[in-house]
Structure formats: C-alpha cells, structure tokens
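Take a look at the structure below.
The values are calculated or read from the model by the stated rules, or taken from the named source; none is laboratory data. Since this is a predicted model, take the numbers as computed values, not measurements. Glycine also receives a Cβ, built like all others from the backbone with ideal geometry; neighbour counts cover every protein chain displayed. Surface accessibility is based on the protein's heavy atoms, side chains included, excluding ligands, DNA and RNA. Shrake-Rupley method; radii C 1.70, N 1.55, O 1.52, S 1.80 Å.
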Amino acid sequence: MSNDLDFEGWTCPMPLRDTPQVVMGHGGGGAMSAELVENLFLPAFAAASPGELGDSAVLPRPAGRLAFSTDSYVVKPMFFPGGCIGDLAVNGTVNDLAMSGAVPLYLSTGFIVAEGTEMADLGRIATAMGKAAEAAGVQLVTGDTKVVDHGSGDGVYVNTAGIGVVPDGVHIGPTRARPGDVVLVSGDIGVHGVAVMSVREGLEFGTGVRSDSAPLHGLVADLLASGADVHVLRDPTRGGLSASLCEIASASGVGIEVVERDVPVPAEVKDACGLLGLDPWQVANEGKLVAIVPAEHADVALAALRAHPFGLGAVRIGTVVEDHPRMVVARTGLGGTRVIDLPIGEQLPRIC
Amino acid sequence: MKYLDEFSDPDLAKRLLDRIHAVTTRPWALMEVCGGQTHSIIRHGIDQLLPDGVEMIHGPGCPVCVTPLETIDRALAIAERPDVIFCSFGDMLRVPGSDRDLFTIKSRGGDVRVVYSPLDAVQLAVENPDKQVVFFGIGFETTAPANAMTVHQARRLGLTNFSLLVSHVLVPPAMSAIMESPTCRVQAFLAAGHVCSVMGTEEYPPLAEKYGVPIVVTGFEPLDILEGIRKTIVQLEEGRHELENAYERAVPAAGNPAAQAMLEDVFTVTDRTWRGIGRIPGSGWRLADKYADFDAELRFQVTDIVTEESPLCRSGEVLQGLIKPHECAAFGKECTPRNPLGATMVSSEGACAAYYAYRRLELTTR
C-alpha cells in the first residue's frame, strides 16, 4: 500500500494528533466523527475502499446466487502473534462466505470502540483491515463507528458483514455429507487459538506459534476447479475441529470416524495445550478448512488443496459412516475409541 | 514434547498390553486414584484394551469433584461481594453450588477471574489495594504447595487484602476410607503420581501392609498407566502387596522436601468432608493458626452455610467405585456436562464427565 500510515510513531494528520485516545465525541456523528473517517479510516482502508461516504453503498448487482454472512470480533488481546482483530474481521467473514463456495465481493465494517482506546491502536487495526481486504480482493464499502463509555466496552469490537456470489453448479452445505465420503483438513490445527492464548493477560507463555489467519476463498476456488464434488466445507473457528465435525455429523444425520493420529497438530500446539489442559481439537483456527468429498474425489481434492499456499499441509483425517449417526468418534493412537463432543462453552483449564 | 510423545507410542503400548495379557490369569479390580489418570484411561481407551475381567475402578482423585457443596456455596457467597476479586482455577467455575455457579456470579457483575498460577492472585492483591482478593485453594497435595506459597508471600509482602478459601484434601486417608468401606471391591491401587512427587512415597508401604493391597505409583501418559497396571497385576498374580514406583522420572522416594516444608509451615491437618463420600478424619488441610488472618472463611464469616445435594445424584457411589457412571439413572438424562447434578459431571477429570465425553458410543449401542 503506497500511503502506509506510521501508527507506531503516530504521524497522523491533524487534528487526530490532538486526541491520542478515542473520546465519546468520535462516535457522536459530528465534526470529530467526520475527522476520524477522513483522517483514519479512509487512509487506512485506502485501495480497498471506494471512498464514497453516502448513508449506504450503492453497488452493481452481480449475476448468480448471493451469499451473505455476518460475524462480530471481540478477540482479546486485540493484537497477537500473526495478526490482529482487524485482519481477523476481514478474513473471518471472507471465509464464512467461502465456505458456501462464494467469491467474496463486499464487506461492511462496524466498529464499537471504548472511550480511552489508543487512537494508534484503532489506526493499526483499520490499517490491518485495509491490507487484508486488499489482499483478499474484497471492497470495504460501508462502515460505522460508535463509541461507548469507558467500562461498557473493552478496546475495539468489530463487526463485518459480507456479500459474495456463488458460482453456478456449486452446492456446498452442511447437510450434504454422505456415508462413504472422506474428511479432509487443509493443514495444522489449533494454531490461532494457541497464538492468542500465548499473549493473553495472566497467561503469557513463550511460543513460536503465530495465528494462521488467512482468506480461504482462493483455496476453495482451486478446490472447486479441480472438479471434486465438494459436499461440505467448514472453517473450524470457535469450538475448533471438534465443533465443526459435530455440526456436520448432526446436520447431515451421519456418523464421522476420525483417525486420531492422522489429525495434524503441530508439536508446539500440542505442548501448549498439554500445559494448559486444553484439547487442541477444540482450539480455534482462522485459516483452515474442513472439506467433505466423495471418496473417489479425495485424491484430486487433496492435490488441489496442497497446490495452494494455504493448503500445503492438507491431509485426510477420517470417513463419513452410517454407524452412530450424529456422533463423531475418534480411533485413538492405542486402538481404543472415544466420542468427540461439541465443546460446551469456553474451554476450562484443568486444575492439575 | 519430551515425555509426552514418547510415552504415547502405540507400538510400545501394544508391547506393554501384550505383557499385561500374558501375566493375567484371572479377574482383578484396580483403582486409579487420580482423576488425571481416569481422564487419560478413558480418553485413550486403555480400559477397552485390557484383558477381560481386569476392571479399572475410578477413584476419588478429582479435586473439583470432591470439594464439598458447602465450600462451593461459601465461594459463591464471597465471590458475589462487590469488594471482592475472586480468583480460581478454571474448572471450578462451572461446578454447581446449591442454586448457581461462579459463572452466574460473574455474569451478574461479580469479579471472578481464572488464574493459572495461584501467585497471580497475590499479584492482583498488590495491584488492587482497595479490593479484597480471594483465591480458591482447592486440590490434593499436588496443588497445595503453590497455594501455601500465596499465603507465605502475602505475609512477606504485608498484604491485608489477600485471603485463601482452603479446601485441601489428602490422598492416603481417602485410600484408607475406601479400603475400610464394607462394600469395597478394590484389590490394588495405582497411586497418584503427582501427589507422590510432592509428598514422596513413605506414606504408602504401611497402607499396602495394613490392607494387603499392591500400591504402584503411576504417571499419566498412556505408557505410564499401562506400566502401572502391569506392575500391579504382576504383584496380584504373585500374591505380593508392596509399594512400587512406576513413575520414577517424576517421583523420588523423598518427594519434594522444600514443598513439604512449606506445607508444614502453612497448613494443619484437619477432618474434611468429601463431596459424595462424607467426612473422613484427618483427610485435609486447613490454614495453620498462625495464618488465620488469611483465612477467607473467617474473614468473610461464611462458616455457617449448610447445603443439600440433589437426591438424584449418585456421585458418591461413583467416587467410591461402587457404580460406574452410566449405572446412575440420571446419567446422560437429567445430568449432563451442560447441566451437571454433581461435580463428577463437571470437571473433565470427573468419572461421569469422562464417560459422557468419550464413552457414549458403547453406552448407546450396547
């Protein structure tokens, strides 16, 4: 991006320099709000934004079926190894669209900012969003900012909604898994969650793990172009691989059998989860997908995934079965079996 | 990670299993004491691979599960006070008290925080001099030294806004209580490895002698557990009943003398009620009199809380190894991890939760 702002040194144009923290007035809809848009958001979004400031974005109607998705981002801390809440908010919604096979086109951006938030932090987040949108080839076409009282929020929350177009002939959905299908995953799991936890207050631990936050629509496009009849796609974010598999088994009314030792968990993720008493299969991912394809298409699908930079570590991890409908079962390394469950809420670290 | 991957090796596990099958000539009932071992056994499906008739009875060694309801209610009463920052290990937050849990208190504005190290709570007390910081000090001998250290440090720092809600329990008296129960079926123990890494192994030969049971100090990874089971069965088959250590890489016979000195200084042995089991004499620790200033029960005057358990919950029988979790009528029906009636369904180390999480396949298809 040609007009990168130096938010580390904060050389933003006047008059934001006079208010190094966000104050209530920045969300008031008056001159201060306008300055924030003018001096922070527009330069940060840069090439990814048409820069028009009407009440709504007016967009050409694309041909084909629309995919529409929304997601809110409240990750804490806002900055973590490998990314921040800004690029996460873009990639997350891009990926939600991509999981229906859609080509993402437009995103909206909604910010809820707690007063007192460092203006430089907001700038870094907005810049990360602009860069992520540019990299993903999507436009940030409309936006909104509200400021809430100190104590009512915590730093910056971001909502993005996205619109994409589903190519003709593509029918991907959570109910389409069939017995005999195979389960693929596009690479190492548990990476994003461990990266965030490694810098969470009160929990800091040294690790080389960086978030895998990435837009996956290119990977999906390559997978579809391979000719594989993709039945289901899912990005295993909150709840991790376990939640995605349980949701697919439940929605399709099938059983899923996973071979534990085939699931790619990097050593550093395994170590961190071992120390914290967490299950890597339940830890969030932000740049991985689970694909369910007919067995006869497994090889061509894997080859397509592995040929893309975001799918280099793609492997087969399991099979869709008729037995135990709506239940996911793992075959353990020792040869036993265990049921994989939907996590209840947040994972709770064990006492000892 | 060193000591994780090596001790999960499937080929070595297969060899150990073959040796277990080779030495076993008849049925045996073994109890693994610690909840961490229960979790590992069920997670890896180890019990499914043992010879027919070798039964693992899941012991009372999950600290979350045996913490009495009264103590949970005291914690809730303290945590809801506006002047308190209540700190706890994560898996205590969902343990049901009489009518709510710590998550509920948190959602209603209570300042409840998960900490990973008890000393983080002391640091919070330093940083928040206008708040009372309370740490929920539960667990076996394993967690006790770090909890004792909080009080030791709080005194050294002159903190008047830190206190400990103590509900520590001790393993050897519980093993005695199990052996003295008239319905006891346990023929041998896998002793809790990490408890022994603190306390050493000297407490166990008298128990092995008195009750005529083999006791094998055992670790937590699959190979550790299989080796513990193998040594135990060899003793049973040979008619021996001795203490053996199958976890020597973590457990010296003397344990950890520095930790023991800290425990000796800060705590005093007391009678404790175990949730689902009842009162066991001399089975816990309370703060020593000289540290009474740091006792949250006294500071917040919550000693008079009395409670009643759900009449449906049979966790006491589960904790004593009298029934398997799924033999309770409420298992998976009224009682699930999402709506637990008893603490054995809450913690991932609780036998009921482990069965629910990993064993529904067999239980629903049998």
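The table below lists the values:
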{"quantity": "Selected residue [at pLDDT 95 or above, out of contact with any Phe, Trp or Tyr (no Cβ under 6 Å at 6 or more places or on another chain), open to solvent by 40 Å² or more (accessible area, probe 1.4 Å) and not charged (D, E, K, R)] from A:S72, A:S108, A:S56, A:S100", "calculated": "A:S72"}
{"quantity": "Residue in region B:120-132 that is surrounded by fewer than 23 Cβ atoms within 10 Å (Cβ to Cβ) and either within 25 Å of B:S347 (Cα to Cα) or not assigned by TED's automatic domain parsing to the domain that holds B:W285 (or both) present", "calculated": "yes"}
{"quantity": "Helices (runs of 4 or more DSSP H) lying entirely in region A:236-352 (those with 1 or more residues that are of a type in the set (G, A, S), more than 24 Å from B:T336 (Cβ to Cβ) and within 14 Å of chain B (Cβ to nearest Cβ))", "calculated": "A:267-276"}
{"quantity": "Boolean, B:R338 is more than 18 Å from the chain's Cα centre (by Cα), within 14 Å of chain A (Cβ to nearest Cβ) and loosely packed, with under 14 Cβ neighbours inside 10 Å", "calculated": "yes"}
{"quantity": "Wholly enclosed strands (runs of 3 or more DSSP E) of region B:174-250 bearing at least 2 residues in contact (Cβ under 8 Å) with a residue 60 or more places away in the chain and buried (at least 22 other Cβ atoms within 10 Å of the Cβ)", "calculated": "B:188-192"}
{"quantity": "Test: A:G137 is assigned by TED's automatic domain parsing to the domain that holds A:L40, at pLDDT 95 or above and open to solvent by 20 Å² or more (accessible area, probe 1.4 Å)", "calculated": "yes"}
{"quantity": "Odd one out for B:R43 among (1) under 21 Å from B:V346 (Cα atoms); (2) open to solvent by less than 10 Å² (accessible area, probe 1.4 Å)", "calculated": "(2)"}
{"quantity": "Among (1) acidic (D, E); (2) away from chain A (no Cβ under 14 Å); (3) in contact (Cβ under 8 Å) with a residue 60 or more places away in the chain, the one test that B:E55 misses", "calculated": "(3)"}
{"quantity": "In region A:222-238, residue nearest to B:C87 (Cα to Cα) [restricted to those that are surrounded by 15 or more Cβ atoms within 10 Å (Cβ to Cβ) and hydrophobic (A, V, I, L, M, F, W, C)]", "calculated": "A:L233"}
{"quantity": "Some residue of region B:73-95 being within 13 Å of another protein chain (Cβ to nearest Cβ), among the basic types (K, R) and within 26 Å of the chain's Cα centre (by Cα)", "calculated": "yes"}
{"quantity": "Selection status of B:V115, closer than 21 Å to B:N161 by Cβ and of a type in the set (V, I, T)", "calculated": "yes"}
{"quantity": "Test: residue in region B:265-273 that is open to solvent by 20 Å² or more (accessible area, probe 1.4 Å) and either touching a Pro at 6+ places or on another chain (Cβ under 7 Å) or part of a loop (DSSP other than H, G, I, E, B) (or both)", "calculated": "yes"}
{"quantity": "Filtered residues of region A:164-198 (kept if open to solvent by less than 10 Å² (accessible area, probe 1.4 Å), aliphatic (A, V, I, L, M) and either within 24 Å of A:V259 (Cα to Cα) or out of contact with any Lys or Arg (no Cβ under 6 Å at 6 or more places or on another chain) (or both))", "calculated": "A:A177, A:V182, A:V183, A:L184, A:V185, A:I189, A:V194, A:V196"}
{"quantity": "Scope region B:8-40; condition within 13 Å of another protein chain (Cβ to nearest Cβ), open to solvent by 50 Å² or more (accessible area, probe 1.4 Å) and among the hydrophobic types (A, V, I, L, M, F, W, C); matching residues", "calculated": "B:L12"}
{"quantity": "Residues being open to solvent by less than 50 Å² (accessible area, probe 1.4 Å) and in a loop (DSSP other than H, G, I, E, B) - total across region B:76-93", "calculated": "2"}
{"quantity": "Residue check for B:E349: within 9 Å of chain A (Cβ to nearest Cβ), within 18 Å of the chain's Cα centre (by Cα) and modelled with pLDDT under 80", "calculated": "yes"}
{"quantity": "Boolean, A:P43 is over 19 Å from the mean Cα position of the chain (by Cα), of a type outside the set (V, I, T), surrounded by 14 or more Cβ atoms within 10 Å (Cβ to Cβ) and outside any helix (DSSP H, G or I)", "calculated": "no"}
{"quantity": "Hits in region A:199-221 (condition: acidic (D, E) and either within 19 Å of the chain's Cα centre (by Cα) or open to solvent by less than 20 Å² (accessible area, probe 1.4 Å) (or both))", "calculated": "A:D212"}
{"quantity": "Matching residues, region A:187-232, being free of Cβ contacts under 8 Å to residues at least 40 places away in the same chain and either of a type in the set (D, E, K, R) or out of contact with any helix residue (DSSP H, G or I) (no Cβ under 8 Å at 6 or more places or on another chain) (or both)", "calculated": "A:E204, A:G206"}
{"quantity": "Where a residue in region B:291-315 is modelled with pLDDT under 90 and its partner, wherever it lies, is polar (S, T, N, Q), with Cβ under 8 Å and at least six apart", "calculated": "B:T307/B:S98; B:E308/B:S98; B:S315/B:T344"}
{"quantity": "Unmet criterion (only one of (1) open to solvent by 10 Å² or more (accessible area, probe 1.4 Å); (2) away from chain A (no Cβ under 14 Å); (3) touching a residue at least 24 places away in the same chain (Cβ under 8 Å); (4) outside any helix (DSSP H, G or I)) for B:D99", "calculated": "(3)"}
{"quantity": "Output for region B:131-149, where each listed residue is out of contact with any Leu (no Cβ under 7 Å at 6 or more places or on another chain) and more than 12 Å from every other protein chain (Cβ to nearest Cβ)", "calculated": "B:K131, B:Q132"}
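Each row is one residue, and each column tells you yes or no for (1) closer than 28 Å to B:P145 by Cα; (2) at pLDDT below 95; (3) over 15 Å from the mean Cα position of the chain (by Cα); (4) of a type in the set (F, W, Y).
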residue	(1), (2), (3), (4)
B:C184	no, yes, yes, no
B:A191	yes, no, no, no
B:T201	yes, no, yes, no
B:G219	yes, no, no, no
